[in-house]
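The values are calculated or read from the model by the stated rules, or taken from the named source; none is laboratory data. Small disclaimer: the values here were computed from a predicted structure and weren't measured. Please note: Cβ atoms are built from the backbone with ideal geometry, for glycine as well, and neighbour counts cover all protein chains shown. With ligands, DNA and RNA removed, areas are computed over all heavy atoms of the protein, side chains included. Shrake-Rupley method; radii C 1.70, N 1.55, O 1.52, S 1.80 Å.
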Amino acid sequence: MATLDDVREIALGLPGTFEKVDGHRGGAGWRTAGGLFAWERGPSKADLAALAKLGRQWPEGPVIGIRTDGLEPKEALLASLPGVLFTIPHFDGYPAVLVRLDAVEREQLAELVADSWLLKAPRATARQWLAERGLDEG
């Protein structure tokens, strides 16, 4: 089980990341100069109503949103981690998934957050970070 403190530690450990509190929802978000890659996400009234129409509910516990590398990778992630990741109608057509922190292990969370960060990190920074870990951009 992971926590928002784990998300914060993982995200702020990635080069060029800073935290900013969202003025609209009041939750924390983690960004690079290229944009938002992870954010605290609670349900809105509209989210709850849309889920109710589908016979679903917002899960208990803290949730974050993370970027995905397009809609096909989003669907692949959702299929591979159904107990951990979910989506809502608000995110239809949007490259992001929601992560149930009470259902994800910290190591898996670190991988999900880092993959999201790579989408928004400056290219040279991302290449260097990957190279330092013996990984490539593939």
Around F86: net Lys/Arg minus Asp/Glu count, Cβ-Cβ under 14 Å:
-1
Give the angle, between 0 and 90 degrees and rounded to the nearest 10, that separates the Cα long axis of helix 106-120 from the longest principal axis of the Cα atoms of the chain.
70
Computed ³J(HN,Hα) along region 47-64: with the Karplus parameters 6.51/-1.76/1.60, θ = phi - 60°, integer Hz and x for glycine or proline, the list is 4, 4, 5, 5, 5, 4, 4, 8, x, 10, 10, 5, x, 5, x, x, 9, 10
Q128-A76 pseudo-label distance in nm [points 7 Å out on the Cα-to-Cβ vector]:
2.8
Whole-percent carbon and sulfur share, accessible surface of region 44-101, 1.4 Å
58
With a cut-off of at most 13 other beta carbons within 10 Å, and DSSP calling the residue loop, which trypsin sites (Lys or Arg not before Pro) in region 1-108 qualify? Please list them.
R25, R56
Taking only the alpha-carbon atoms of the chain, the convex hull volume per residue, in cubic angstrom, is 111
Roughly how big is region 1-116's charge dipole about its Cα centre, with Cβ charges of +1 (Lys, Arg) and -1 (Asp, Glu), in debye to the nearest 20?
460
Using alpha-carbon positions, what is the distance between the centroids of region 64-137 and region 26-49, in Å?
14
Taking the solvent-accessible surface of protein heavy atoms with a 1.4 Å probe, what is the per residue accessible area of the chain in Å²?
56
Scanning the chain for GluC sites (Glu not before Pro) in DSSP loops with at most 13 other Cβ atoms within 10 Å, what's the longest stretch left with none?
1-59
